[in-house]
Amino acid sequence: MYTRFLVFVTTVSLSGAAAPMPGRVLQTARAPLAAAQPTQPAQHADVRELLASARGVAASVCALASDGASNWGGGWDAPDLAVAGDVHQLVRNLRRSVLTDAESRALLDALGSDDPCVRHMAGTLIGRSGDHAFVADLVDKLSAQSPNERAGATRALGLLGDRSAVDAVIKTLGDRTSPVRANAAWALGRIGDRRATPDVAPLTRDTSADVRAAAVTTLGQLHYTDNIDVLLRVLREDSNAEVRRTAAWALGQLSSRTASEGLANAMRNDKSADVREMSAWALGELHARDFADALTSTLKSDGDERVRETAAWALGELEVRKAADALADAVANDKSTRVRGTAAWAVGQLNPGRAPQPLIGALRDADDDVRLKVAWALSQIHDSEALPAVTAALKTEQVDRVRQVMVRALLESGERSTETFQSLLESTDKDTREMAVRALAGRRGPWPWPWPWPRPRPFP
């Protein structure tokens with residue numbers, strides 16, 4: 001069953017890529033369109049069969065399949081797919097499936113299904129259709145007897161993002177069931193209309209943690225600075241760590257430094273590492289340079305590597321040069337490769353004018369990614385005193401991508417010795433050889449080297 005289900009999802013999801021016209025086209029409008037455009041083969045999966053295949057699918061599999069149908073899954077165009085490989089060539093040629101009235105009605109009816117995966121997939125497909133003709137029917141469903149149907153309708157409205165539905169969704173914030181309230185709050189954030197702010201804010205005190213988290217997320221998405229005090233109160237007081245973490249994220253979206261002190265307190269004192277990590281991230285997002293000392297203290301002392309790494313990233317974002325020595329010490333001594341690598345990136349990002357000795361020593365780090373970021377940082381600093389160490393490291397470095405960045409570091413630090421670069425002409429890596437030729441010719445770019453960004457930042 002699962003394989004058949006994913007085959008259908010793959011077909012439907014890929015048929016929806018980059019469509020110039022809405023997915024739901026009424027039968028009465030199709031004849032003139034058909035006359036004006038070349039005929040396309042009817043190769044899309046039947047919606048009703050897809051929904052039938054979704055029944056009974058485990059929640060984890062349903063979530064992954066739904067990601068694919070939303071075009072969030074990624075990788076569906078790989079040459080060899082473990083599931084649905086036989087439809088790969090077919091879906092490359094598909095355009096958006098044109099939903100008939102019967103198929104559209106099947107999706108709307110499925111929002112009230114007793115099966116959670118069927119409801120979830122129906123809402124996802126309605127949302128990804130981008131067809132605002134669904135809105136009137138979805139608004140009608142907000143008053144349905146079934147809470148599942150009401151929750152599904154609010155989710156679909158959020159995915160469609162139609163502002164004409166805002167007033168109807170606001171009324172649903174008072175629904176007697178928490179899943180409907182949560183979906184309604186979330187939908188208003190997706191729609192992005194600030195009129196909803198006064199109605200969403202009270203839900204930050206809801207008895208349901210899911211509702212509070214959805215409300216907090218929406219307040220962040222609406223980018224309305226009047227929400228700062230509400231979010232700071234949630235960050236200080238909410239009993240649920242995930243809600244507090246989401247509040248820290250939301251504060252990072254509001255582009256107001258008045259939230260920085262509360263975020264710094266949470267970064268220092270919250271019992272949850274997830275909250276501390278997000279608070280550090282938010283301080284970097286807000287460019288809160290006055291709190292560089294607090295981030296430095298967190299980098300040195302927090303017991304969780306994710307928090308220390310995010311503090312290092314934030315210091316790099318702030319570009320406060322006085323943090324260079326603390327970051328270099330983390331490069332040399334932190335037990336986590338992730339922290340060492342991101343701290344090295346941060347030193348290069350803030351460019352202290354001189355290369356700290358612990359950073360230079362890290363050219364011998366056991367981890368390839370750390371050495372790469374150390375070499376990149378040295379190339380940014382342009383310190384000629386680092387030349388002997390980089391030259392020595394290059395002689396023993398076995399990883400081509402690291403060697404490439406070391407060559408850049410030599411050039412940017414003032415190395416002009418032809419002997420150093422002539423030896424690189426024997427490299428088995430063509431990019432290294434190319435860089436050696438450029439160096440001997442006195443040219444500095446473009447550079448065929450990887451940009452050492454740290455990993456993606458945390459989001460709720």
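Using the structure shown, decide if residue 169 is in contact with a Ser or Thr (Cβ under 9 Å, 6 or more places away or on another chain), under 24 Å from residue 103 (Cα atoms) and part of a helix (DSSP H, G or I). Walk me through how you get there before you give the answer.
Numbers: in contact with a Ser or Thr (Cβ under 9 Å, 6 or more places away or on another chain): yes; under 24 Å from residue 103 (Cα atoms): no; part of a helix (DSSP H, G or I): yes.
No: the conditions fail for residue 169.
Could we say that residue 352 is buried (at least 16 other Cβ atoms within 10 Å of the Cβ), at negative phi and assigned to a loop (DSSP other than H, G, I, E, B) here? Please lay out each step first, then the result.
Details: buried (at least 16 other Cβ atoms within 10 Å of the Cβ): yes; at negative phi: yes; assigned to a loop (DSSP other than H, G, I, E, B): yes.
Yes, satisfied.
When residue 366 is tested against the conditions (1) part of a helix (DSSP H, G or I); (2) modelled with pLDDT of 90 or more, the lone failure is (1).
In the condition set (1) over 17 Å from residue 457 (Cβ atoms); (2) free of Cβ contacts under 8 Å to residues at least 40 places away in the same chain; (3) crowded, with 22+ Cβ neighbours inside 10 Å, residue 376 is compliant with all but (2). Among the residues of segment 133-140, at least one is of a type outside the set (Val, Ile, Thr), touching a residue at least 60 places away in the same chain (Cβ under 8 Å) and farther than 23 Å from residue 63 by Cβ.
Yes or no: residue 150 over 28 Å from the mean Cα position of the chain (by Cα) and surrounded by 22 or more Cβ atoms within 10 Å (Cβ to Cβ)? So residue 150 passes the test. Take residue 138 and decide whether it is in a helix (DSSP H, G or I) and either over 15 Å from residue 218 (Cα atoms) or out of contact with any Leu (no Cβ under 7 Å at 6 or more places or on another chain) (or both). Against the criterion (in a helix (DSSP H, G or I) and either over 15 Å from residue 218 (Cα atoms) or out of contact with any Leu (no Cβ under 7 Å at 6 or more places or on another chain) (or both)), residue 138 qualifies. For segment 270-306, residues that are surrounded by 23 or more Cβ atoms within 10 Å (Cβ to Cβ) and not in a helix (DSSP H, G or I) total 1. Cβ separations smaller than 8 Å between residues 6+ apart or across chains give no pair from segment 166-191 residues that are modelled with pLDDT under 95 to residues that are buried (at least 23 other Cβ atoms within 10 Å of the Cβ) and among the acidic types (Asp, Glu). Restricting 128, 95, 105 to those that are assigned to a helix (DSSP H, G or I) and at pLDDT below 90 reduces the list to 128. From the list 158, 152, 174, 192, the one residue that fits, being out of contact with any His (no Cβ under 7 Å at 6 or more places or on another chain) and at positive phi, is 192.
Considering segment 157-198 alone, what residues qualify as being among the charged types (D, E, K, R) and closer than 21 Å to residue 137 by Cβ? Within segment 157-198, 162, 163, 167, 171, 175, 190, 193 qualify. Being of a type in the set (A, V, I, L, M, F, W, C) and within 30 Å of residue 354 (Cβ to Cβ) holds for only one residue in 248, 266, 282, 312, and it is 312.
The values are calculated or read from the model by the stated rules, or taken from the named source; none is laboratory data. Everything numeric in this text was worked out from a predicted model, so none of it was measured. Please note: Cβ atoms are built from the backbone with ideal geometry, for glycine as well, and neighbour counts cover all protein chains shown.
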